[in-house]
Amino acid sequence: MKVSGNKAVAEESVRPSWLFFSRGFTLIELLVVIAIIGVLAAILMPALNSALTKAEKARAQTELTQIVAAIKAYYGDYGRMPVAVADDGAPDKTYGAKNKPNKQKVIMDNLRAKDNVGNPKGTVFLDVPKDSMIGTDKDGGSYVEADGYYLDPWGNPYVLSVDANFDGSAFLSGLDSPPAPSASMTVTSFLAVAISYGPDPGSTKSFLTSWGKN
């Protein structure tokens, strides 16, 4: 079929449009796109990091509350604290990381029903996610699930204390970067307390506590 002159002209007027969309990007255009992406990333990254930190703080606060609730439930069931039998009724101790005298693992094993002596009924008072038991703390200590430590969102073991001598207060000692002028503090009117060093362990303002804001 013979194509008329007018139709040929119409087809040629369409062809450049197809060529424009199929030719790809030039180097300059790619550089412009990359630059725009870089600017957007620089603008959005602080906001994204802030949102992530906020979410991690909220998670830590929830976990602190759950730990204390589990200790109270254990006490309600057994009439004693989830500490070593020899420490029940003794002066309060602070339970923290591997490099501390009193290990958080002692309490966690009882709450997680990993200690048949301390928790003979085998009741699980606290369910700790596996990924919350694996990490590296601020001092370089590494943890695996078998170690039995509950780590906060930043990889540090939660610091715990219970009112083992039932004097109406829980005593925390040996704290790093403490939220008080000294490395110890007494929290009154609480059967148990828990602390997270937070996203910035070197700052006292970073501390998160089970009894409220620092």
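Just so you know, all these numbers are worked out from the coordinates, no wet-lab data involved. Everything numeric in this text was worked out from a predicted model, so none of it was measured. Cβ placement follows ideal geometry from the backbone for every residue including glycine, while neighbour counts extend to all protein chains displayed.
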Open item on the list: I need Lys121, Lys105 ordered by Cβ neighbour count within 10 Å, fewest first.
Closed with: Lys121, Lys105
Open item on the list: Please report Rg (one decimal) and Dmax (integer) in Å for the Cα set of region 57-213.
Closed with: 14.3, 42
Open item on the list: How much of the DSSP bridge set in the chain is antiparallel, in percent, rounded to the nearest 5?
Closed with: 95 percent
- [ ] Rounded to the nearest 0.05, what FRET efficiency do Ala51 and Lys130 give with R0 = 22 Å and r taken as the Cβ-Cβ distance? Could you check?
- [x] 0.30
Open item on the list: With angles folded into 0 to 90 degrees, how steeply does helix 27-78 sit against the dominant principal axis of the chain? Use alpha carbons for both and round to 10.
Closed with: 20 degrees
Open item on the list: With n ≥ 4 as the cut-off for DSSP H runs, can you work out [θ] at 222 nm for the chain, using -39500 (n - 2.57) per run divided by the number of residues, rounded to the nearest 500?
Closed with: -13000 deg cm²/dmol
Open item on the list: I'd like the Karplus ³J(HN,Hα) series for region 96-103: coefficients 6.51, -1.76, 1.60, θ = phi - 60°, whole numbers in Hz, and an x wherever there's a Gly or Pro.
Closed with: x, 6, 4, 8, 9, x, 10, 8
Task: Computed E for Ile43/Val144 - FRET, C-beta separation, R0 30 angstrom, nearest 0.05 - done: 0.15
Task: Exposure proxy ranking, count of Cβ atoms within 10 Å, fewest first, for Ile36, Ile71 - done: Ile36, Ile71
Open item on the list: I need the phi-derived Karplus couplings for region 129-137: 6.51 cos²θ - 1.76 cosθ + 1.60, θ = phi - 60°, integer Hz, Gly and Pro marked x.
Closed with: x, 4, 6, 8, 10, 10, x, 10, 7
- [ ] Have a look at Trp211, Leu44, Ser161 and report the one farthest towards the positive end of the charge dipole of the chain, computed about the Cα centre with Cβ charges (Lys/Arg +1, Asp/Glu -1).
- [x] Leu44
Task: Separation in nanometres of the label points that stand 7 Å from Cα toward Cβ, at Glu29 and Thr62 - done: 4.6 nm
